[in-house]
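The values are calculated or read from the model by the stated rules, or taken from the named source; none is laboratory data. The structure displayed is predicted, hence computed values, not measured ones. Neighbour counts run over all protein chains shown; Cβ positions are idealised from the backbone, glycine included. Each accessible area value is taken on the protein alone, full model and side chains, heavy atoms only, with ligands, DNA and RNA left out. Shrake-Rupley method; radii C 1.70, N 1.55, O 1.52, S 1.80 Å.
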Amino acid sequence: MPTWMALGFQNAASPLMEQLIFFHNHALSILILVMTVVSFKLIKTITNSNINVQLLESQSLELFWTLAPALVLLFIGLPSIRILYLIDEVYNPDITLKTIGHQWYWSYEYSDFTQNIEFESFMVPSQELKSNQFRLLDTDNRVVIPFNTQVRNLISSADVIHSWAVPSLGVKADAIPGRLNQVSFLINYPGLFYGQCSEICGANHSFMPITVEATYTEFFKKWISSFKK
Amino acid sequence: MVWLKVRTEFVGGPSDTKGLHTNFTMSRPVMRGFISTQFKKDSLIVTGLATIAVIAHRVISVDPAKQRYADFYKTYDPKEHFESMRQKGLLSCSVKKNPNILFNYLVNADEPLTSCSIHTRTSF
């Protein structure tokens, strides 16, 4: 979850998010390379008192400043495409979760089991927070998922466009009315993972968070079986 | 490169400070291909600077980040982590068993989930 004065990404809790963080660091290295070159040339140009009024063309210079950016783009693009295809890979998910965005809460459905499990997830109001709960992040009902299990999440909306996002899992997908968006993720370790609606959807857009609870499969099974018809 | 040579001499000998006379002589600057040579020199310098900057970023930030993740999973115990969260009451759907037992993997299927319930809002 986000911590005070945090500048970077949240700690990755899924393999995809780890890859995204590593790619971000790689792209930052390339950015530092380009910025060093550009800053140096800028300072040299500003401080240079020599002027060549007869300079008309330079084929070698043009070749260099065409090839160099192409090479830079190649080094950025190839890892990016790799992660893009990794994200879209479907790994035969064990559990399918359906998420519906409403104004202003999320509702979830688990339809893989003998009985259809549906519930709504509202933000815990600040006045009702317990001492171990986080303001604007905790919800009354959490999305319980077994960890180390491939999960498919089908996201849609009942009214306006919302967005289901959990940064530490590297997941974000728009909840669009009349459309199903699919995301797939796997959680590496048990714990609580928080997210917030990421598409402006009205007055309480900031007050419809997401809480994912990753637990052991045995506890998940007990949780499922605890739902009475 | 223009070399400026400065030579100061005393006209009336070393003791004569009033007759100070300074000669400035300059070597002939090479203007042909000047920008090109400057560019090549600057390119070498900037290549070195950029290499140092990228290597520094990799050594200081990128590689330690990957190592931190690798080290975390080497020593990570999910059972201990899960049990500590459960004992603190952070998980909504887990049964609190005997706190002296670190982790009872064999969950009793008949034991009810006392702390798990779906909350239904009755007021807004």
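Do the conditions hold for A:PHE122, that is, is it among the aromatic types (Phe, Trp, Tyr) and either closer than 18 Å to A:ILE100 by Cα or not assigned by the TED database to the domain that holds A:CYS197 (or both)? First the steps, then the outcome.
Numbers: among the aromatic types (Phe, Trp, Tyr): yes; either closer than 18 Å to A:ILE100 by Cα or not assigned by the TED database to the domain that holds A:CYS197 (or both): yes.
The answer is yes for A:PHE122.
Taking into account only those residues within the range B:23-54 that are part of a loop (DSSP other than H, G, I, E, B) and of a type outside the set (Gly, Ala, Ser), which is farthest from A:LYS41 (Cα to Cα)? Even if it seems obvious, please write down each step before you answer.
Here is the first cut: in the range B:23-54, the residues part of a loop (DSSP other than H, G, I, E, B) are B:27-33.
Cutting the leftovers down to of a type outside the set (Gly, Ala, Ser) gives us B:28-32.
Working: B:ARG28: 27, B:PRO29: 23, B:VAL30: 22, B:MET31: 21, B:ARG32: 21 Å.
So, considering only residues that are part of a loop (DSSP other than H, G, I, E, B) and of a type outside the set (Gly, Ala, Ser), the one farthest from A:LYS41 (Cα to Cα) is B:ARG28.
Restricting the search to the range B:1-32, which residues are at pLDDT 80 or above and open to solvent by less than 80 Å² (accessible area, probe 1.4 Å)?
Scanning the range B:1-32 gives a single hit, B:SER27.
One line per residue, one yes/no per condition, for (1) at pLDDT below 95; (2) assigned by the TED database to the domain that holds A:ILE210; (3) within 32 Å of the chain's Cα centre (by Cα):
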residue	(1), (2), (3)
A:GLY8	yes, no, yes
A:HIS24	no, no, yes
A:LEU28	no, no, yes
A:ASN52	yes, no, no
A:LEU61	yes, no, no
A:GLY77	no, no, yes
A:ARG82	no, no, yes
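Can you tell me which residue in the range A:1-21 is farthest from A:ASN188 (Cα to Cα), limited to those that are in a helix (DSSP H, G or I) and open to solvent by 40 Å² or more (accessible area, probe 1.4 Å)?
At the first step, the residues of the range A:1-21 found to be in a helix (DSSP H, G or I) are A:15-21.
Narrowing the set further to residues that are open to solvent by 40 Å² or more (accessible area, probe 1.4 Å) leaves A:15, A:19-20.
Numbers: A:PRO15: 7, A:GLN19: 13, A:LEU20: 15 Å.
Going through the qualifying residues, I end up with A:LEU20.
Can you tell me which residue is farthest from A:ALA6 (Cα to Cα) among those in the range A:159-181 that are in contact with a Leu (Cβ under 8 Å, 6 or more places away or on another chain) and without any contact (Cβ under 8 Å) to a residue 60 or more places away in the chain?
Looking at the filtered set, the residue picked out is A:LEU180.
Of these, A:SER168, A:SER184, which one is under 17 Å from the mean Cα position of the chain (by Cα), within 22 Å of B:LEU91 (Cα to Cα) and either away from chain B (no Cβ under 13 Å) or not β-branched (Val, Ile, Thr) (or both)?
On the way: A:SER184 fails: within 22 Å of B:LEU91 (Cα to Cα).
Going through A:SER168, A:SER184 in turn, the sole match is A:SER168.
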